[in-house]
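Computed from the coordinates by the stated procedures, all read-outs in this text should not be read as laboratory data. Quick caveat: nothing in here was measured; it's all calculated off a predicted structure. Heads up, the Cβs are rebuilt from the backbone with ideal geometry, glycines too, and the neighbour counts pull from every protein chain shown.
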Amino acid sequence: RKVGILLSGRGSNMMALVEHARGYDVTLVASDKPDAAGIAWARERGLATFTQSPKGMPKADYEAAIEAALRAAGVEVIALAGYMRLLSDAFVARWRGRIINIHPSLLPKYKGLDTHARAIAAGDAVAGCSVHVVTEELDGGDVLGQAEVPILPGDTADTLAARVLKAEHRLYPIMLAEFVTR
Ligand code: GRF
């Protein structure tokens with residue numbers, strides 16, 4: 001199955017998806033940030049890339065541009081990997097059940113931003129990450145799988161984020177492989 005990845009930054013989850021691809025091909029890496037580190041990596045790797053800044057554009061036009069690139073690349077499933085923009089309801093509806101995301105918390109806990117600081121502040125003993133289907137509700141679709149890591153004494157949001165990120169890199173390729181073959 002052909003997968004398109006959307007990202008906005010570093011792209012470490014995209015790299016994990018590319019390096020551990022099984023049962024799927026990454027045929028496009030797209031970004032709303034033309035200078036995202038993940039885009040530079042994908043280009044070096046010889047992957048097809050597409051960047052479109054949404055600045056000064058109606059959201060529908062911006063999304064139509066991304067969508068045209070995804071369709072031209074034959075994309076059947078979209079994997080969000082640190083894509084920091086909300087997809088419109090219309091976009092989600094057109095790709096219903098074919099978009100997944102990785103979120104750095106054990107959903108349904110801590111939807112949205114600052115997940116690690118919130119988990120530490122709550123006194124949680126475990127944190128983790130979730131791969132879920134994307135719906136119109138932010139971080140709200142069916143959870144496909146999760147990985148847990150401990151929260152250790154002295155953890156800061158950064159040290160916890162680094163531990164969770166390693167778990168993300170293991171979990172996401174497995175979940176995407178399962179998703180595309182189900
Ligand atoms: C990850 O923590 C992911 O869970 C969240 O955004 C971050 C993206 O990091 N959605 P990267 O760009 O994949 O390195």
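Could you list all residues from region 83-105 that are of a type in the set (A, V, I, L, M) and within 12 Å of the ligand (Cβ to nearest atom)? The answer is Met84, Ile100, Ile102.
Okay, residues lined up against (1) within 16 Å of the ligand (Cβ to nearest atom); (2) surrounded by 21 or more Cβ atoms within 10 Å (Cβ to Cβ):
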{"residue": "Ala81", "(1), (2)": "yes, yes"}
{"residue": "Thr115", "(1), (2)": "yes, yes"}
{"residue": "Val131", "(1), (2)": "yes, yes"}
{"residue": "Val143", "(1), (2)": "yes, no"}
{"residue": "Glu148", "(1), (2)": "yes, no"}
{"residue": "Pro153", "(1), (2)": "no, no"}
{"residue": "Ala167", "(1), (2)": "yes, no"}
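For region 102-116, a residue qualifies if it is part of a loop (DSSP other than H, G, I, E, B), without any contact (Cβ under 8 Å) to a residue 60 or more places away in the chain and not basic (Lys, Arg), and the qualifying residues are Ser105, Leu106, Leu107, Pro108, Tyr110, Gly112, Leu113, Asp114.
Here are Ala119, Ala125, Ala162: which of them is without any contact (Cβ under 8 Å) to a residue 40 or more places away in the chain, within 14 Å of the ligand (Cβ to nearest atom) and of a type in the set (Gly, Ala, Ser)? If you could, list the steps in order and put the result at the bottom.
Values: Ala119 fails: without any contact (Cβ under 8 Å) to a residue 40 or more places away in the chain; Ala125 fails: within 14 Å of the ligand (Cβ to nearest atom).
Going through Ala119, Ala125, Ala162 in turn, the sole match is Ala162.
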